[in-house]
Each structure stands twice: as C-alpha cells, then as structure tokens.
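The block underneath contains the structure these notes are about, expressed in structure tokens.
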Amino acid sequence: MEIDPRKKQILHAIIESYIETGEPVGSRTLSKIDGFTYSPATIRNEMSDLEDLGLLEQPHISAGRIPTDLGYRFYVDQLMHKNELNPNEISFLNSAIDDRVRQIDSLLGDIAKMYTKVSQYTIFTQAPTRIQSIITDLDIIPLNSEYILLVVATNDKSVKTTQVKTDKPYTIQMIERLSGALKHAFIGKDLSDITLDKLKDIQTRVFATDNYLPSVLDVLFSRLKNDYKSSFHLRGAANLLNFPDYNNIAQVRDLISFLDDEENLIDVINSVKDPDDNDEIYITIGKENRRDELKGSSVVISKYKTADNRVGAIGLIGPTRMNYAKEISFLDYISKKLESLEKGDDNK
C-alpha cells in the first residue's frame, strides 16, 4: 500500500499519540502538534481517507481515531523510526548479561525476569538449540531376554544410547522388523519429525497392534526430545492484566491459559524462520497471529545464532498498542549481545 506524505505524517502522529496515551486521537489534538500546519478540517478529511483505507478506525461516533492492525503493520514497516537505547539502558542490559554466557539457561531466565520489569510486557526466552539435527543412523540392538539398546546418531556427530527394559518377551525377528521400519521412516529426517503418533503408527504396522513393546517407543521419543529440547522461560504473564487494552475477561483468560502451556509459545517461535546473514525482528500484529488466543495481541521475536550454529530466541507479547520502536531496539540489542558473547566477541 502506498499513501501520500501528508497521510503518512498524520497516521504516524495518530499511532504514536495512541501508543503513549491509549486515547483515541482527534483532529484538534493533531492540529496542536508542533510542526503540523494543517487545519482541523484538512486533518479530518485525511483521517477519513485513512479510515477508508483500513488503517484507522473510530471506536465511537463522537471519538477520535485509533489504529487498526493494518495501521500498526504500515507503521512498523514504513513509518517507525529506529529507537536508540540510551547509555543507562545499555549499561543496565550489559550488567545483566556480561560474564554469564556459560550459564546460558540461568542467564536467559534472569533476562526474562529483568526485561519484563523494564517493559511491563510478557517476556519469553528459548535457549539455543541446533538449527537441524538430522538422524544419520537409528538402531535397536537386543541385549538379553529383557533389555534392548536404542542407538541414535545425528549429523552433529553425537550418538545417543539408551538401555530399555521391554514390556513383553520379544524375538530377534520382531526387533529387526521394528528397527528396519524406524530406519526407513526417520533416517535423513530432522529430530523434530519424530512424534509419538508417528512412532505408534509404525508400531501398529509392524506388530498389527498398538501396545506391543510400548516402552521402547516411549523411551525413544522422550529421550530424543529431552536431549534436544531447549530450556524455555516465560515471565510477566500477569502483566497483561495491567493493560486496559485487555478489558475482555474471556479474552484474557484464554490468553493466560495459552501462555500456561510452554509448548504453545515454542510452536510460535518455531514458526519463525531461523536467522541468516540479515538481522531481522519478526512481528505479528493482532489478527496476523495464527492462534486465536493471540489475535488481540502483538508478538515480537528476535532469534540469534551462536558460533556452533545453534539458534536461541527472545520475544515478548503485549497489546497491539505497543511501543514497537523501543521494544524492537531492546530485543535487537539483547540478541546481538547474546550472540556476540556466545561467539567470544567482547567488543560488540
């Protein structure tokens, strides 16, 4: 969408005023802003055009305008000025991060706790995990009449072995059939492709039942997922109650219930592509979010890559009436700082 410079100036002023005050913005308010040379009548006409374009809406007939989700998106993509952190903010962030890189899980928990106090939003972090862990070999080796050995090798040259007590007696032929089916299904695939449902489907096809040797597959699934699952921290969910934007009790209840299950936000993080050479902050605004529980909120995520090709993430959730410029600057600084510490570069 392209709009003329005057409309851009008016839309920019409306959004920044609404972010700061939470009050609908009228033409008279705008006409009093320094640098505005437009009359209230001219501003009203432009606001009406912006409303027709879907960038503004009027909550009540007698009220001013507020941004729509599309308006916020236009603002973030084309109008927002980069916010520079001041020296005190940088010093505060550095004191929370420096000299803690080897304790990354504890560090990320502290960052989430610290950041939610500064921003008043809900903050989440995910510890670095490998971008990909491709299965290069997977085998089941009989040990004796009660135990077998699970062996899984991945492309990062790691080999995981787990001894499992079987639920029922087995024959060598049974183990060979199960091992062959698992190899066929998962070698060359990412660890994230292994799900319990897929394992049970393989078990049913191999044994014509879904309850033969269940412990083998349960242990295989839990071991792989636990070994490669990153630590996750969420802080400040109760902060949402402090925003008048969340005045719908059912909406808040659904959102807090959504946040209560960390797998929901891990899924949101995983839906964002991993970083390449181009630094990027990912923002979904209101109805852009796939999950219904997030459609009244904005989600901002920054991912960072470590020297050994692992990816971590830090993000926040808050109302669509968010100070995007400031929060993007915070997230960008924190992710770059974590990345530089992980790479051993203390000069960034």
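The values are calculated or read from the model by the stated rules, or taken from the named source; none is laboratory data. From a predicted model like this one, the values you see are computed outputs, not experimental measurements. Note that each Cβ is placed from the backbone with ideal geometry, even for glycine, and that neighbours are counted across all protein chains shown.
Some notes on this structure:
- One residue stands out in segment 7-52 among those that are assigned to a helix (DSSP H, G or I) and β-branched (Val, Ile, Thr): the one that is modelled with the lowest pLDDT, namely THR29.
- Qualifying positions in segment 296-317 - at pLDDT below 95 and under 16 Å from TYR246 (Cα atoms): GLY296
- Count of residues meeting criterion [of a type in the set (Val, Ile, Thr), within 15 Å of the chain's Cα centre (by Cα) and over 15 Å from ILE15 (Cβ atoms)] in segment 277-330: 8
- For segment 264-308, a residue qualifies if it is crowded, with 19+ Cβ neighbours inside 10 Å and assigned to a strand (DSSP E or B), and the qualifying residues are ILE283, THR284, ILE285, SER297, SER298, VAL299, VAL300, ILE301, SER302, LYS303, TYR304, LYS305.
- In segment 271-280, the condition of being modelled with pLDDT of 90 or more and assigned by TED's automatic domain parsing to the domain that holds GLY315 is met by no residue.
- Scanning segment 67-78 for residues that are closer than 12 Å to ILE15 by Cα and either modelled with pLDDT under 95 or in a helix (DSSP H, G or I) (or both) yields ASP69, LEU70, GLY71, TYR72, ARG73, PHE74, TYR75, VAL76.
- Of the strands (runs of 3 or more DSSP E) lying entirely inside segment 115-206, those containing at least 3 residues that are modelled with pLDDT under 85 and more than 30 Å from LYS305 (Cβ to Cβ) span 147-154, 159-165.
- Leading residue by the ranking (farthest from ALA127 (Cα to Cα)) among those in segment 241-267 that are among the hydrophobic types (A, V, I, L, M, F, W, C) and in contact (Cβ under 8 Å) with a residue 40 or more places away in the chain: PHE243
- Within segment 309-338, the set of residues being in a loop (DSSP other than H, G, I, E, B) and of a type in the set (Lys, Arg) comprises ARG321 only.
- Evaluation of ASN248 against (1) surrounded by 12 or more Cβ atoms within 10 Å (Cβ to Cβ); (2) out of contact with any helix residue (DSSP H, G or I) (no Cβ under 7 Å at 6 or more places or on another chain); (3) farther than 19 Å from HIS233 by Cα (one fails), failing number: (1)
- Restricting attention to segment 113-144, the residues being surrounded by 16 or more Cβ atoms within 10 Å (Cβ to Cβ) and without any contact (Cβ under 8 Å) to a residue 24 or more places away in the chain number 1.
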